[in-house]
Amino acid sequence: MRTVDFYGTLGPGCAKNHILTSMFQQGMTGLRLNLSHGMLKDNANIIYLARNAASRTGCDTKLLIDLQGPELRVGDFSGIRKLRTDSCVILGMRGIPVPSPVLTAARPGMVLLMDDGKIKLKVVSQGSGQLVCHVERGGDLAPRKSITMPEGSVRLPVLTQADMRNLSDASSYGVTGVMLPFVRSREDVLELRKTLRQKGVGHIRVLAKIENREGMERLADFIQDVDEVVIARGDLGNAMPLWELPAAQDRIAKTCRMADVPFMVVTQMLDSMEHRPVPTRAEVSDIYRAVAEGASSLMLTGETAAGEYPVESMAYLVKTANASWEYLKRNC
């Protein structure tokens, strides 16, 4: 019988023993820890709570760590920056801190997307260690939010120093899988595999996140080198017009099925449930589609990490996926 794994993301929204216990009781089979904003050792308490909850419900604890990887992020600053549509903003020197590769690679006319595409900037001028940008779509910007350059290419190391330290601690915290962001080539995967072996944790599963066109185009080159492919629709949706994303998901899923490699679908599965106890009809239909395409895993992110209804979100994810599978088993 086909089985599907259901992952929740750890965060303040579910950081209580009774909430995590209820999530496991609803059918959750694994957990993700996003290390873009912190270190593995800094999350020792919530990992302990998760393991305790899993033990109480008789579940094994599958723990995935999502590495920083070659991802561009806004730097640290105090408070929230309110970026108003049609205003101008400075990035870099005397403005919002951004990585130096962004300042080097950006050109006038280029688009920059921040916070998973919620904020859209267009570069007006470049020089003197800064970018002057026009805010085409405003919003509230917090520190450490993502930056993507759909029209540009920035080459960054596969693993950051923080990633290396987290991988050294992986065994101590019972990590079972590593999610590598922005996989671009077979070399990226092999470098992670080599590092895991060097640190004595070569048995840990490798999950390749497809988050840009380059990764999607080269998937066939490295698909046999990974244990699971992750269709990471957040940044993948920033790398192309959103209306192209459904076809991209279908294309990746088809490649995985042909190669007999499992794949996960993630990002905004039940996004409205961060603040509502019931999902939209479109969201439950999205879950059905992922199951019909053959997904081996489904994951919630903000819904459980920061949402108001983590238990209800997990219940809807599991029940919708299971009902979808029962229907497909009978009719397809």
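The values are calculated or read from the model by the stated rules, or taken from the named source; none is laboratory data. Remember, predicted model here, so these are calculated numbers, not experimental data. As a convention, Cβ positions derive from the backbone with ideal geometry for all residues, glycine included, and neighbour counts pool all protein chains shown. Remember, those area values only see protein heavy atoms, side chains included, never the ligands or the DNA or RNA. Shrake-Rupley method; radii C 1.70, N 1.55, O 1.52, S 1.80 Å.
Quickly run through segment 12-46 and pick out the residues that are within 28 Å of ARG73 (Cα to Cα) and open to solvent by less than 10 Å² (accessible area, probe 1.4 Å). Once the filter is applied, which keeps residues that are within 28 Å of ARG73 (Cα to Cα) and open to solvent by less than 10 Å² (accessible area, probe 1.4 Å), segment 12-46 yields CYS14, GLY30, LEU31, LEU33, LEU35, SER36, LEU40. Taking segment 88-126 as the search range and keeping residues that are open to solvent by 30 Å² or more (accessible area, probe 1.4 Å) and among the β-branched types (Val, Ile, Thr), which one is farthest from the chain's Cα centre (by Cα)? If we take residues in segment 88-126 being open to solvent by 30 Å² or more (accessible area, probe 1.4 Å) and among the β-branched types (Val, Ile, Thr), then VAL124 is farthest from the chain's Cα centre (by Cα).
Of the residues ALA282, ALA248, which single one is small (Gly, Ala, Ser) and open to solvent by less than 10 Å² (accessible area, probe 1.4 Å)? Result of the check over ALA282, ALA248: ALA248. The set of residues in segment 285-309 that are open to solvent by less than 10 Å² (accessible area, probe 1.4 Å) and either touching a strand residue (DSSP E or B) at 6+ places or on another chain (Cβ under 7 Å) or within 15 Å of VAL4 (Cα to Cα) (or both) comprises ILE287, ALA290, VAL291, ALA295, SER297, LEU298, MET299, LEU300, THR304.
Would you kindly identify the strands (runs of 3 or more DSSP E) lying entirely within segment 138-218 that contain at least 3 residues that are surrounded by fewer than 15 Cβ atoms within 10 Å (Cβ to Cβ)?
Per the criteria, no element qualifies.
Taking each residue of segment 221-238 that is under 15 Å from ASP260 (Cβ atoms) and at pLDDT 95 or above and looking for partners that are open to solvent by 20 Å² or more (accessible area, probe 1.4 Å) and of a type in the set (Val, Ile, Thr) with beta-carbon atoms closer than 9 Å, six or more apart or interchain, yields ILE223/THR255; VAL229/THR255.
Scanning segment 219-237 for residues being assigned to a loop (DSSP other than H, G, I, E, B), open to solvent by less than 20 Å² (accessible area, probe 1.4 Å) and touching a strand residue (DSSP E or B) at 6+ places or on another chain (Cβ under 6 Å) gives a total of 1.
Does any residue of segment 65-73 turn out to be under 22 Å from the mean Cα position of the chain (by Cα), in contact (Cβ under 8 Å) with a residue 24 or more places away in the chain and on the phi > 0 side of the Ramachandran plot? Yes, the conditions are met somewhere in segment 65-73. If the condition is being more than 19 Å from the chain's Cα centre (by Cα), charged (D, E, K, R) and part of a helix (DSSP H, G or I), then segment 290-332 contributes GLU293, GLU312, LYS319, GLU326, LYS329, ARG330.
PRO277 meets each of the listed conditions (1) touching a Pro at 6+ places or on another chain (Cβ under 7 Å); (2) open to solvent by 20 Å² or more (accessible area, probe 1.4 Å) apart from (1).
Only one of the numbered conditions (1) at positive phi; (2) at pLDDT 95 or above is not met by LYS122, and that is (1). Of the residues making up segment 51-86, those that are within 29 Å of VAL158 (Cα to Cα), of a type outside the set (D, E, K, R) and open to solvent by less than 80 Å² (accessible area, probe 1.4 Å) are THR61, LEU63, LEU64, ILE65, LEU67, GLN68, GLY69, PRO70, LEU72, VAL74, GLY75, PHE77.
Scanning segment 1-43 for residues that are aliphatic (A, V, I, L, M) and part of a loop (DSSP other than H, G, I, E, B) yields MET1, VAL4, LEU10, ALA15, MET28, LEU35, MET39, LEU40. Only one of the listed residues (THR29, THR85) is within 30 Å of ASN322 (Cβ to Cβ) and either touching a residue at least 12 places away in the same chain (Cβ under 8 Å) or under 21 Å from the mean Cα position of the chain (by Cα) (or both). That residue is THR29.
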